[in-house]
Amino acid sequence: MGKLTNRKVETAKPGKYGDGEGLQLVVTASGARKWGLRFMLAGRAREMGLGSFPEVSLAEARDAAFEARRLIASGKDPIEARETARKNEAQARKALPTFADVAALVIADAQAKSTNAKVRYQWTRHLGPAYSGPLLERPVNEITTLDVAAVLRPVWESKPEVARKLHPAIRRVFDRARVILKAEHGVLMLENPANWVDLKAQGFFKPKELSRGRHPSLPYARMAEFMTALRARGAIAARALEFLILTNVRTDSALKAEWGEFDMTAALWTIPLSKLKDGNHRADPFRVPLAPRAMEILREMKAAASSTYVFPGQSVSKPFSNMAMLTVIRRMNSVAPDEGNWLDPDQGKPIVPHGFRATFRVWAEEIGRFPHSVIEQAMGHAVGNAIERAYRRTDVLEQRRELMAAWAAFCEPGGARVYEPALANA
């Protein structure tokens, strides 16, 4: 038993009061009370502070003194041991990653796997302040399902398309965090706070699947009429749109086309995998045969070339904006808006650049009557199942060359309205 009592500790006047085995209470002239432990280690007298009263009670001071004497008995300095423990605790707390730290790694990985500017932007937006703000500065292992639910709930019904992408993105952050915490910090994170089962228990349900609908497109019967109006416009964006239509590629590929991708002698454009929507799943670049009018556009652009891009933007070091071609169509519609010049007759909406792929597809099936596999190749789609693709050794380039020539002839203002390809009825 010690010599001090709780009453003595509370009422002692200024001075030093021993409890036994080196533990003492020090009362200052101001009345402040603090605990200390005097001990000998390696022939040296040391004194160790154990905290102030009443924050540290008599019982707690005795427990702390007991632990210190246990270390002393084993030849360890309790003061150094305490400092080491404090440093380790502070270092561990500081080093534990926040949600933002792990999110940055997830964003970087996701962006490296995509060349689509919109997709890359969405990863940053979903896992950034716009939607994940309340989580960002929190240590990732301290975030709970309730915290995740609070972030998801504002968009779950009002913005289902955001919700469908936000939840998997957040879940991926915690999956990554669990590995990092265990491997680098020895911290076990047993559950993923974004686990769907736990979110369902909080009243969540699968977000609504939104129908994107069809891109507004022009009936193929109006293509010659449209091309006449388009060629009347001298802007580079108009040439880019015409080139897009004649090659049937996706908008991003046309806008980012660079001169090094073209074989002007062979009338061939080879789009690298990095510029293809399905580049991660393709084994080879996409070869696009160029019709005579497409070659004319290239030669026209080449004559005034000032950039590595065929269709440079305001800065020659960057390609055209993805709004450039859409703006051309809007301006064409603004010439006589009351007439509704270039609208999708089924939707009543102005056509968009991507809609011309649908126009081409319908024309090829109904008028061109080309084999399905050739049309699919021209669309840049995978043809056949996995086994068929494993044995396929051709991209039917010459057949597609005939297809694209037929399409260009069909679109030609005042040109052939009927084209009889050799592939018809093949």
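Accessible area per residue for the chain, computed on protein heavy atoms with a 1.4 Å probe, is 56 Å². Using Cβ point charges alone (K and R +1, D and E -1), the dipole size of the chain about the Cα centre works out to roughly 1380 debye. Panel note: the C-alpha atoms of the stretch 24-80, placed on their principal axes, show extents of 35, 21, 15 Å (largest first). For the chain, find the longest principal axis of its Cα atoms and tell me its angle to the long axis of helix 117-126, 0 to 90°, nearest 10. Result, in degrees: 30. Can you tell me which of Leu199, Leu290, Leu244 moves the most in a GNM of the chain? Springs connect C-alpha atoms under 10 Å apart. Fluctuation is largest for Leu199.
Expressed as a whole percent, the accessible surface of the chain that belongs to carbon and sulfur atoms is 53, based on a 1.4 Å probe.
Ordering Ser274, Ala149, Leu241 by the projection of their Cα atoms onto the charge dipole of the chain, which places +1 on the Cβ of Lys and Arg and -1 on the Cβ of Asp and Glu, puts Ala149 at the extreme positive end. Between 0 and 90 degrees, the angle of helix 324-334 with respect to the longest Cα principal axis of the chain falls at about 60 degrees. Dipole of the chain computed with +1 at Lys/Arg Cβ and -1 at Asp/Glu Cβ about the Cα centre; of Leu343, Val102, His215, farthest Cα towards the positive end is Val102.
The values are calculated or read from the model by the stated rules, or taken from the named source; none is laboratory data. It should be emphasised that the depicted structure is a prediction, and the values quoted were computed from it without experimental measurement. Note that each Cβ is placed from the backbone with ideal geometry, even for glycine, and that neighbours are counted across all protein chains shown. Ligands, DNA and RNA are excluded from the accessible area calculation, which covers all protein heavy atoms including side chains. Shrake-Rupley method; radii C 1.70, N 1.55, O 1.52, S 1.80 Å.
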